[in-house]
1. Once the dipole of the chain is set up with Lys and Arg at +1 and Asp and Glu at -1 on Cβ about the Cα centre, which of Phe199, Asn176, Ser15 lies farthest towards its positive end?
2. Give me the dipole magnitude in Debye, nearest 20, for segment 8-273 about the Cα centre, with unit charges on the beta carbon: positive for Lys and Arg, negative for Asp and Glu.
3. Would you please classify the overall shape of segment 648-714 from the alpha carbon gyration tensor, given that a ≥ b ≥ c denote the square roots of the eigenvalues, rounded means a/c under 1.5, and beyond that prolate means a/b larger than b/c while oblate covers the rest?
4. How would you order 72-81, 532-541 from highest to lowest mean count of nearby Cβ atoms within 10 Å?
5. Would you work out if the chain is rounded, prolate or oblate? Take a ≥ b ≥ c from the square roots of the eigenvalues of the alpha-carbon gyration tensor; rounded if a/c is under 1.5, else prolate when a/b is larger than b/c, oblate otherwise.
6. Dipole of the chain, Cα-centred, from +1 at each Lys and Arg C-beta and -1 at each Asp and Glu C-beta, to the nearest 20 debye?
7. Could you give the nm distance between label points at Ala80 and Asn339, where each point is 7 Å from its Cα heading toward the beta carbon?
8. Which of the residue pairs Lys210/Lys575; Lys272/Lys471; Lys272/Lys575 have a Cα-Cα distance greater than 31 Å in the structure shown?
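What follows is calculated from the coordinates using simple rules that are stated; it is not laboratory data. On a predicted model such as this, the values are computed, not experimentally measured, just so you know. FYI the Cβ positions are ideal-geometry reconstructions off the backbone, even for glycines, and counts take in every protein chain you see.
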Amino acid sequence: MPPNIPTHYAHHDGSSLLIGNRWVERAFSARVGEPFITSSFVNKTSNRDYVRTDRDYARAGSREFCFSIDGNEITGNDFALERIEIHDERDPIEIVAHLQTKELKENSQSSPSSLISLDLHFLIYSDHPVIRKWLVIENRGDQTIHVTDLDWEDLQLLVDSAASAEVWSDYFTRRNKSIIVTMDDCALLVNDTLHHEGFILATEAPGPLKRMNVYGQPGRIAIGLNRDDETIFERVLAPGEKFQTPASFILPFAHPIPQDVIEHEYAHFVEKYLTVCDVAQVPTISLNTWVPFLSHLDSDLVLKQINLAAELGVDAYQIDDGWYDRLGDWNTNDLKFPNGMEEIAEHCHARGMRFGLWMTVAAVDEASGVAREHPEWIARDRNGQPNRHPAPGTITMCLDSSYFDFILDKIDSVINRYGVELLKLDFSSVRNVYEPGRYPGCFATNHTHPSANDSHLRIVERLFDLIRAIKQRHPRCLIDVTYELYGVMDGTDLALIQVADQNWFTNITSPNEVNFRREVYQRGRVTRPWTLNFGGTVLEHPNAKTYGIFSAFAAHGLFWGDLESLDEDLRQHYKRWFAWAKEQRAHSDFYRYYQCSDIFPVPDGVSSRDYRHMIPAARFGTRPLGIHPPAFDPSSQHPGEFWDGVARLDERGEGPIFVFRPGASFSPYFQLRIPWVNRDTHYHVTNATRNTDVGTFTGAALSDQGIELHIAQPLDALVIVLRQVDNMTG
Ligand SMILES: [Zn+2]
């Protein structure tokens, strides 16, 4: 494109506003005193306008946004444009449209003094096909108002016809004609099968507050906050108060393989603007104590394990649950660790390993000092009883109370005392994922939140404030938020990864590697794979040697196991592979990349998310046993029938490709096409599992014909490594 044409732009001529870049242009009717509404959304690659006004199904027209004030619905049509601000000296350009409520409707039941001002914020980037949007709602009246049923994006947006439109949900792995998702997906893809184009819709709303509606009404898409599932959104605004909504974005594409858009345009944007964790900070090999030791830890055991871990080349050793006296007090258990956690941390540090620890944020022991001294901070259910996590004897404190300052100081002092560099934060805060419907939010009346529904988002916002405050004080410490703390079974999303480094999003252990590869396959393309902690391959399990450890390398090397139970051969084996992973990362950091295109299928394991969609035992009045009741069993076995895998190649087409033959697979052969290379370059391919050369190929041959792979037995895996021929020293 000629250099004098700006790469991204925003123009307001008094009657319309245009914002765009090389790939996308969104136009608005924008006359002062009139509604400010999107009038076109053009995919510039195809030149098609997705805002349809010429069809019956679109006759409602776009509303731009929609929410209720004290139960009365208002939309973009109820507001008038005041002025537009454009900050075009920046990249991204920021556009703010200031709106005011129009004269009040005759029949409105809302207070005559209700007056709302709204700022619509848009960002347009020079180098990404993305328009991002959020709202700031301000109560300018003299009465308190209740904001509910909020969609800050509400458009008629359809490529062509409903007949050719499909919506990809469940982390881009299921096709639907329409869908309303709460809690689970943070991104959906609309694909037009006739024109091979469409758009990705992504929300940055957090955890259980997410909601997206695509074609629940004909042609309409809406992105907002949860209104119909347990943690329902409400924001009570006193006069003068403001509320900033989360953001969302729309990314149009024109491409015959939508998976490639997910893995390129979408992934690049998410990595650059929405991922706080620097991949270079992620340890190559982490070991966590939870399996097989659970809480049964003591210093003799842990010191021996640390020595063995150091010999294997483990980079980070993390003590999970079981090291403290009481949740909430956070002193070391002297009976188990007579010389304190200091001894354990020093032992790790002296061997060149990072020291990691587990804590809870909101769950405390009923017998802890804080629970006894500050019952006023306890999160309450609708009957006034304490909210609970299913671990016996624990109650949940409300982060939207002064408990916030208490726990921030506690976590801060624990990190300081032991030099913690990997902090796993666990258990319930906004809801207990194991007992759906039982403890949503907080009904206490003496906390900051004015209502129970108002507590849902506020508790998540306080959790994020807490993590930001910890990170500011301890920039070297990786903060890991578990799905239990976040409040969504197997949940991760674009809100979490903007705040926390990592997300322990599920507990899947050997021999269920195909299940966790499925989970990583889904989430590793929606959020970046190095942000995902997933449980772990158990190193002493018979599957672990190749199948298990390569499954972990599909995300990053996170392991469980009793290292004393490994024989010398197995130790040498792991030592070699851990060193191999470090060499690969040093050449080009394969943890950054995750490619499947339309080559690798979704691993056909069980998604533990599916269990959440089953009818939970609690609905039958049965109290679930333990923290993994049968209705949510994440370790259900399914051996998998179809070969799967992941390529982790850099921009030059160099790096490893992991390929798996699952337990119920009949075929020992798989023809692997490799399209993630430069067609004109020559590549040398080695089989790192067998230490053999596969051969030298042009990129075109790898891409068009591929190579035949052989794995003799099920439950085995291999890794091939690609290098450009003139770059083979790496
Ligand atoms: Zn509360």
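1. In the chain, that residue is Asn176.
2. 360
3. Since a/c reaches 1.5 and a/b is larger than b/c, the shape of segment 648-714 is classed as prolate.
4. Ranked by mean Cβ neighbours within 10 Å, highest first: 532-541, 72-81.
5. Oblate.
6. The calculation lands at about 580 debye.
7. 7.7
8. Correct reply: Lys210/Lys575; Lys272/Lys575.
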